[in-house]
Every structure is written in C-alpha cells, then in structure tokens.
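Working notes, structure below.
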Amino acid sequence: MSSKQLIAGNWKMNGSLAANASLLEALKQGVGTPACDVAVCVPAPYLAQVQTLVAGSPLTLGAQDISVHAHGAYTGEQSGAMLKEFGVRYAIVGHSERRQYHGESDDIVAAKTAAALASAITPIVCVGETLAQREAGQTEEVVKRQLAAVIHVNGHCISEIVVAYEPVWAIGTGKTATPAQAQAVHAVLRAQLHHAASEHAAGIRILYGGSMNAANAAELLSQPDIDGGLIGGASLKAPDFLQIIAAAR
Ligand code: PEP
C-alpha cells in the first residue's frame, strides 16, 4: 500500500466556464488540508481556466487523454508537452469509454502511458472487465492482459504509473463492485506489478473507479490494496467529492 491515497475526479465531457468556477470554488473552500492527493481531470478546453483556479490550492490538474505523438499532423490531439504547459500532473489513459468509443487497443494504451511518462505526466492507466467478461469468469485474464501490455512497453518505468481498476459494468451505472470484489482484483494487479517491478510495486497506487460515491467510499478506500479512487459522476458535486476526499488517507 502506498503512503498517500489519490482521489482523482474525472469530469468527462461535462462543465462550462461558469460551472467549473463554482465547483472549484466550493472544492477549495471545503478541502482544507487533505490527507490524500487530489486531482481533477478536466476537458482539454478548460485546462487553462482550471490551472489558474487551482493554483495555490491542494487540488492538482489532470487531463483525460494524451496523444502518443509529440507533434505534427494529428488533428484533434494534445501532446504531453502541450498538457505540461498548463501544469497537468496526471493524464487518464485507456479509460473504458475511450477503449469502447475510440477503438483504443491495449497497444495504444501502452503507447499513451509511455508518452505521458516521457513528458513527466503521471498516467492513470485504466483497466477493467465488462459484465459479459465477469460473468464468463474472465475478469483476471482481462485486467492482466490490459496491464501486461503497459508493463511490456514501459518496463521498470511502471513504478511511476497509477493504475485504476474500473469494472466497466460499474462505471456510471450506480452498481459498485463490493469492497471484497474490488480488493480481489486489486490484489491480482498488485501481484502482477510486484512481478514486474518488485520493490516498487507496493508504492504504485491502484485506484478503484466505478460508481464510487460519498456513501461507499470509506469502505472501498479501507481495503488494503485500494490506494484511492477515480471518480466520475460524484466528482461533479462538491459535497460528494469532498466527502470522498475526507474518507481517504
Ligand atoms: C469514471 O468515469 O472513471 C467513473 C468511475 O465514473 P463513475 O464514478 O460515474 O462511475
């Protein structure tokens, strides 16, 4: 288990200049000095706004994606160097919505992880099984395959990544993995990291994501191999996100 947990909000494609300003104002007022690290992963057009608004607060900035390329003819993409100019500390890579709607393969996710690391941005690498895969007893096999691709390309550098276990059936559905279900998968991922990065594995944060909310956060976050949360819907509501932050260590 790593010393400080990480609570990262994934705003997805939500927000506006006005809504972001009031959400961040409420978060800054309520966050105090958190025991955990906190990040908000915002839509790219709002990076400049949010960089200014979180300056001097415990909140740090994250992006929701990163290009595998450094620059050039890649319409619509943002490079690690560009994100870095806006103070981005984290980039979500391989979120299931990008795997599903944008055809991101395990190889692309591994390359995006490498691109983030090359820019000194901490990748939050998402893995997780669908409901059909869980019901077919394939959960372990799927998450291990997804993480193996990242380990294969990034080698010992994986000591610098954050992993997020996000069962696809729990994302945005209100269905949360039970603490025991989540812990079981986290233990599998920890063992895989241990195999790849031995002495660093204990320090690699493995977040849980999938309908984590103010009511269930404390129990999930108390599991031995759960080192934080990646929060979608509840990160858009200041009181809920603040309660989750308060439940973390
Ligand atoms: C996510 O999008 O990463 C997520 C976990 O969403 P939610 O919390 O809304 O299930």
Could you give every pair whose Cβ atoms fall below 7 Å, whose first residue belongs to the stretch 217-235 and is away from the ligand (no atom under 11 Å from the Cβ) and in a loop (DSSP other than H, G, I, E, B), and whose second residue is at pLDDT below 95 and of a type outside the set (Phe, Trp, Tyr), counting only separations of at least 6 or pairs across chains?
Pro224/Met1; Asp225/Met1; Asp227/Met1; Asp227/Ser2
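Residue-by-condition table, conditions (1) part of a loop (DSSP other than H, G, I, E, B); (2) farther than 16 Å from Ile245 by Cβ; (3) in contact (Cβ under 8 Å) with a residue 40 or more places away in the chain; (4) among the acidic types (Asp, Glu):
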site: Lys4; (1), (2), (3), (4): yes, no, yes, no
site: Leu24; (1), (2), (3), (4): no, no, no, no
site: Pro34; (1), (2), (3), (4): yes, no, yes, no
site: Val38; (1), (2), (3), (4): no, no, yes, no
site: Gln49; (1), (2), (3), (4): no, yes, no, no
site: Leu53; (1), (2), (3), (4): no, yes, no, no
Checking Ala136, Ala187, Ala149 in turn, the sole residue that is at pLDDT 95 or above, farther than 20 Å from Ile226 by Cα, under 19 Å from the mean Cα position of the chain (by Cα) and more than 16 Å from the ligand (Cβ to nearest atom) turns out to be Ala149
For residues that are surrounded by fewer than 24 Cβ atoms within 10 Å (Cβ to Cβ) and within 11 Å of the ligand (Cβ to nearest atom), scanning just the stretch 191-216, find the one that is nearest to the chain's Cα centre (by Cα).
Ser211
Could you list, in sequence order, all residues of the stretch 92-115 that are assigned to a strand (DSSP E or B) and either free of Cβ contacts under 8 Å to residues at least 40 places away in the same chain or away from the ligand (no atom under 16 Å from the Cβ) (or both)?
Val93
Among the candidates Ala18, Ala35, single out the residue that is closer than 24 Å to Gly229 by Cβ and away from the ligand (no atom under 16 Å from the Cβ).
Ala35
Tell me, please, whether a residue that is surrounded by 15 or more Cβ atoms within 10 Å (Cβ to Cβ), in a loop (DSSP other than H, G, I, E, B), within 15 Å of the ligand (Cβ to nearest atom) and modelled with pLDDT of 95 or more can be found in the stretch 153-176.
yes
Among the residues of the stretch 217-232, what is the count of those that are crowded, with 20+ Cβ neighbours inside 10 Å, small (Gly, Ala, Ser) and over 17 Å from Gly203 (Cα atoms)?
2
Kindly list the number of the only condition in (1) within 16 Å of the ligand (Cβ to nearest atom); (2) part of a strand (DSSP E or B) that fails for Arg89.
(1)
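The values are calculated or read from the model by the stated rules, or taken from the named source; none is laboratory data. Nothing here was measured: the structure is a model prediction, and the numbers come from that model. Here Cβ is always computed from backbone atoms with ideal geometry, including for glycine, and neighbour counts include all displayed protein chains.
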